[in-house]
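One structure is given below, encoded as structure tokens.
The values are calculated or read from the model by the stated rules, or taken from the named source; none is laboratory data. Just so we're clear, the structure is a prediction, and the values are computed from it rather than from any experiment. Counting neighbours? That spans all protein chains shown, and the Cβs are built from the backbone with ideal geometry, glycine included.
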Amino acid sequence: MDTSAVLKLVVEEKESPSAARYLSEAAARGDKLVASMLLYTELHCAGHRRGFPAALINSVLGGINLVDLARSDLMYAAALPGGLRSADAIHLAAAIRLQSDMLVAYDAELLAAAVDAGLNVLSPVFPG
């Protein structure tokens, strides 16, 4: 899980209903929703900027298994090609280390880099 996907559960955007539906269905199927602890930081910082209560952010984060970043994630992120922003590179490096089945995100550059790295990607969009 990348912040671009999880943030849609907090901030109303056009993809928010699709993201919420997909993540709810995935959790109901027993899929393990995973992100690095970087998501915790990014989501709380975004919440502070927008004036959202920490309880709302923590409620969203409660459905996601947050794993610690490893030093190797940071080093691998620094070596990734393609000019990703730091946080996106770290999310991708962690997903690769965790051998994620799918990276759920809405950031085009991150999605392209994930495909290049051999990951399956998804940006949920449902009609109507």
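Anything in segment 31-54 that is part of a helix (DSSP H, G or I) and of a type in the set (Val, Ile, Thr)? List them, or say none.
Restricting attention to segment 31-54, the residues satisfying the condition of being part of a helix (DSSP H, G or I) are 38-50, 54.
Matches in segment 31-54: 41 only.
Please find, among 93, 87, the residue that is within 29 Å of residue 25 (Cα to Cα), at pLDDT 95 or above, surrounded by 11 or more Cβ atoms within 10 Å (Cβ to Cβ) and in contact with a Phe, Trp or Tyr (Cβ under 9 Å, 6 or more places away or on another chain). Steps first, please.
Values: 87 fails: in contact with a Phe, Trp or Tyr (Cβ under 9 Å, 6 or more places away or on another chain).
The match here is 93.
Any residue in segment 30-43 that is acidic (Asp, Glu), within 13 Å of residue 5 (Cα to Cα) and under 17 Å from the mean Cα position of the chain (by Cα)?
Quick first cut of segment 30-43, residues acidic (Asp, Glu) only: 31, 42.
Keeping just the survivors that are within 13 Å of residue 5 (Cα to Cα) gives 42.
Narrowing further to those that are under 17 Å from the mean Cα position of the chain (by Cα): 42.
Yes, some residue in segment 30-43 is acidic (Asp, Glu), within 13 Å of residue 5 (Cα to Cα) and under 17 Å from the mean Cα position of the chain (by Cα).
Name every residue in segment 12-30 that is surrounded by 13 or more Cβ atoms within 10 Å (Cβ to Cβ) and part of a loop (DSSP other than H, G, I, E, B), in order of residue number.
13, 15
Hey, can you tell me all the residues within segment 78-94 that are in a loop (DSSP other than H, G, I, E, B) and either charged (D, E, K, R) or under 14 Å from the mean Cα position of the chain (by Cα) (or both)? Even if it seems obvious, please write down each step before you answer.
First, the residues of segment 78-94 that are in a loop (DSSP other than H, G, I, E, B): 80-85.
85 - this is the single residue of segment 78-94 that is in a loop (DSSP other than H, G, I, E, B) and either charged (D, E, K, R) or under 14 Å from the mean Cα position of the chain (by Cα) (or both).
Just to be sure before I move on: is residue 49 more than 24 Å from residue 126 (Cβ to Cβ) and loosely packed, with under 11 Cβ neighbours inside 10 Å in the structure I sent?
Criteria met by residue 49.
Would you mind finding the one in 19, 78, 26, 35 that is at pLDDT 95 or above and closer than 17 Å to residue 121 by Cα? Talk me through it step by step, then tell me what you get.
Details: 19 fails: at pLDDT 95 or above; 78 fails: closer than 17 Å to residue 121 by Cα; 26 fails: at pLDDT 95 or above.
Selected residue: 35, the only one of 19, 78, 26, 35 that is at pLDDT 95 or above and closer than 17 Å to residue 121 by Cα.
Would you be able to tell me the number of residues in segment 55-77 that are surrounded by 11 or more Cβ atoms within 10 Å (Cβ to Cβ), part of a helix (DSSP H, G or I) and not aromatic (Phe, Trp, Tyr)?
Final tally of qualifying residues: 10.
Can you tell me which residue is farthest from the chain's Cα centre (by Cα) among those in segment 1-11 that are of a type outside the set (A, V, I, L, M) and part of a helix (DSSP H, G or I)?
Narrowing segment 1-11 to residues of a type outside the set (A, V, I, L, M): 2-4, 8.
From the residues that got through so far, the ones that are part of a helix (DSSP H, G or I) too are 3-4, 8.
Numbers: 3: 4, 4: 6, 8: 10 Å.
Within segment 1-11, the match that is farthest from the chain's Cα centre (by Cα) is 8.
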